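The values are calculated or read from the model by the stated rules, or taken from the named source; none is laboratory data. Keep in mind the model is a prediction, meaning the values are calculated, not measured. Quick reminder, even Gly has a Cβ in these numbers, built from the backbone with ideal geometry, and neighbours come from all protein chains shown.
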């Protein structure tokens, strides 16, 4: 068992929108070790979500290799994908649209087990309840519907649903950007505990460099479909090398009144 | 510089016909001419409701229960839509969170700016149009003559927000309410928009009410801050005081929960969280509404809502305010 869980080599993704071809991912190579949190940071439209969708097999790459635990997954067919999917799960950005409003919470969390026919019916429900407890939801709320939960609680449901499959890799696509600051901290801390206790690896997609600096081991800065800088989170923050990273950091308002406003906030800046 | 241009006193807003279900539970504050007041809080705290009330744009499902809103000393007739039409944009401008939703997709953006001017001023069409071009130039849009004829879908989010700002400032209002003006934008564009707002403020003297949940924005753009929690004012202070010596535990919690790479990370997790969730507006609790989430809460907190304490420019509503300074 090698220490590299995910390795991507020269990945390209392109598709047609109307009459024009677009290339949201332009030759990306990266690797993610077991137990590591790699953050993928970029502005809207930089291709970070397309990259995540390609890793999940929701979007076909036009060229390149995605190796998961040494096996190429870029060219898998329907059946191969289904066998592979339990290993990588995903938590989505919007806790409102990612949960079917007509299903009860325990059903939603159990559903992946049903689809992959893991365990007996009765043990599946038991596992769903265990997962609810694990993410901080009372099990007697299992009969409720998603609309009865707040945004933060819904994101806990989404996390429980992803982790019930006992994946190795969790892809989190902006999991806290729809949440309030105090709730965002709860979810980040929950993800951090789960990672520690369950030995997970995270690919954490975010536009918030300040947030991932506190949470990720390494950060990859993505700009126009390419990774322009990658390195330890602390180092990218304190000693950015690429022009794009510097420009972004210069625009981030750090909540600290003792330091001068970031350069991009000064009225006389150009 | 005690020259309040906008004064809100004991504003209470409830769900229509249900005076027990309060969205704003008696909020008072003022805005001085030319300053930036930030209103900070999380979803459901009432910050957007406050701004909609000032504009006379409260949704049909809610109504004002009590309180007054004064602009330049006279009370705003917020329930009278016809009277408020003369106030909106002309005296108090507003910038919304979603620029795409604030503009009509079926009209060129220049026409939409023109509409604001023609609503309030009798000007020959050419002069009004010249003003539109001038406004689009002032908000730093490239090629304003061409851009004025573009439809909203042709513009980026940042450009659209500039158009909305041009509309809000078209008739030189004295107050600009900006409700999460940069939340939908990328961080580099956010900086451009905030810089634009500050520059326009310097040039025109407009007072800005910045509604946001982003404490970083507040730290670098606001003169004073009001923190709201569950329909109440929790704390109000000059920006520096609020960040360096917050008194209300909720303010402290918010500051601690905000990621800050320049500060050592918290113990027992990566961020210091505020446990629990905001109480429902229908919850008839009599004490402090933050008490169930507060580490300092006592019997007193659960029994009685704390009266506001005022120390100079700094005010807070808490029975057990924190005193140690934060560094």
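What is the number of the single condition among (1) more than 24 Å from residue B:71 (Cβ to Cβ); (2) within 9 Å of chain A (Cβ to nearest Cβ); (3) touching a residue at least 40 places away in the same chain (Cβ under 8 Å) that residue B:190 does not meet?
The one condition residue B:190 does not meet is (3).
Table: residues versus (1) surrounded by fewer than 20 Cβ atoms within 10 Å (Cβ to Cβ); (2) touching a strand residue (DSSP E or B) at 6+ places or on another chain (Cβ under 9 Å); (3) part of a strand (DSSP E or B).
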site	(1), (2), (3)
B:6	no, yes, yes
B:20	yes, yes, yes
B:24	no, yes, yes
B:29	no, yes, yes
B:34	yes, yes, no
B:37	no, yes, yes
B:60	yes, no, no
B:67	yes, yes, yes
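Just one of the numbered conditions (1) within 23 Å of the chain's Cα centre (by Cα); (2) under 30 Å from residue A:268 (Cβ atoms); (3) surrounded by fewer than 20 Cβ atoms within 10 Å (Cβ to Cβ) is not true of residue B:101; which one?
Of everything listed in (1) within 23 Å of the chain's Cα centre (by Cα); (2) under 30 Å from residue A:268 (Cβ atoms); (3) surrounded by fewer than 20 Cβ atoms within 10 Å (Cβ to Cβ), residue B:101 misses just condition (2).
Since residue B:310 meets every condition but one in (1) buried (at least 17 other Cβ atoms within 10 Å of the Cβ); (2) in a strand (DSSP E or B), which condition does it not meet?
Here residue B:310 meets the rest and fails (1).
Could you list, in sequence order, all residues of the range A:1-58 that are in contact with a helix residue (DSSP H, G or I) (Cβ under 6 Å, 6 or more places away or on another chain) and either surrounded by fewer than 15 Cβ atoms within 10 Å (Cβ to Cβ) or outside any strand (DSSP E or B) (or both)? Lay out the reasoning, then the answer.
Keep residues of the range A:1-58 that are in contact with a helix residue (DSSP H, G or I) (Cβ under 6 Å, 6 or more places away or on another chain), which gives A:13, A:24-25, A:39-42, A:57.
Matches in the range A:1-58: A:42, A:57.
What number of residues within the range A:34-78 are within 15 Å of the chain's Cα centre (by Cα) and farther than 30 Å from residue B:156 by Cβ?
4
Can you tell me which condition residue B:271 does not meet? The list is (1) touching a helix residue (DSSP H, G or I) at 6+ places or on another chain (Cβ under 6 Å); (2) over 26 Å from residue A:151 (Cα atoms); (3) facing chain A (nearest Cβ under 10 Å), and all the others hold.
(2)
What are the residues in the range A:175-212 that are free of Cβ contacts under 8 Å to residues at least 24 places away in the same chain and in contact with a helix residue (DSSP H, G or I) (Cβ under 9 Å, 6 or more places away or on another chain), if any?
Residues of the range A:175-212 that are free of Cβ contacts under 8 Å to residues at least 24 places away in the same chain, as a first pass: A:181-182, A:185, A:189, A:192-193, A:196-197.
A:181, A:182, A:185, A:192, A:197, listed by residue number.
Restricted to the range A:245-261, and to residues that are closer than 24 Å to residue B:139 by Cα and surrounded by fewer than 20 Cβ atoms within 10 Å (Cβ to Cβ), which residue is farthest from the other protein chains (Cβ to nearest Cβ)?
So, considering only residues that are closer than 24 Å to residue B:139 by Cα and surrounded by fewer than 20 Cβ atoms within 10 Å (Cβ to Cβ), the one farthest from the other protein chains (Cβ to nearest Cβ) is A:250.
What is the residue count in the range A:106-138 for residues that are assigned to a helix (DSSP H, G or I) and buried (at least 16 other Cβ atoms within 10 Å of the Cβ)?
Taking the range A:106-138 and keeping what is assigned to a helix (DSSP H, G or I), we get A:106-115, A:121-134.
Among the residues that remain, those that are also buried (at least 16 other Cβ atoms within 10 Å of the Cβ) are: A:106-113, A:124-125, A:127-129, A:131-132, A:134.
Adding up the residues that qualify gives 16.
The conditions are (1) at pLDDT 95 or above; (2) within 10 Å of chain A (Cβ to nearest Cβ); (3) touching a strand residue (DSSP E or B) at 6+ places or on another chain (Cβ under 8 Å), and residue B:240 fails exactly one of them. Which is it?
If we test residue B:240 against (1) at pLDDT 95 or above; (2) within 10 Å of chain A (Cβ to nearest Cβ); (3) touching a strand residue (DSSP E or B) at 6+ places or on another chain (Cβ under 8 Å), just (3) comes out false.
Quick check on this structure: which one of B:166, B:170 is part of a loop (DSSP other than H, G, I, E, B) and surrounded by 21 or more Cβ atoms within 10 Å (Cβ to Cβ)?
Values: B:166 fails: part of a loop (DSSP other than H, G, I, E, B).
Answer to the check: B:170.
Here's the yes/no breakdown for (1) modelled with pLDDT of 95 or more; (2) within 14 Å of chain A (Cβ to nearest Cβ):
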site	(1), (2)
B:236	yes, no
B:248	yes, yes
B:278	no, yes
B:284	no, no
B:319	yes, no
B:324	no, no
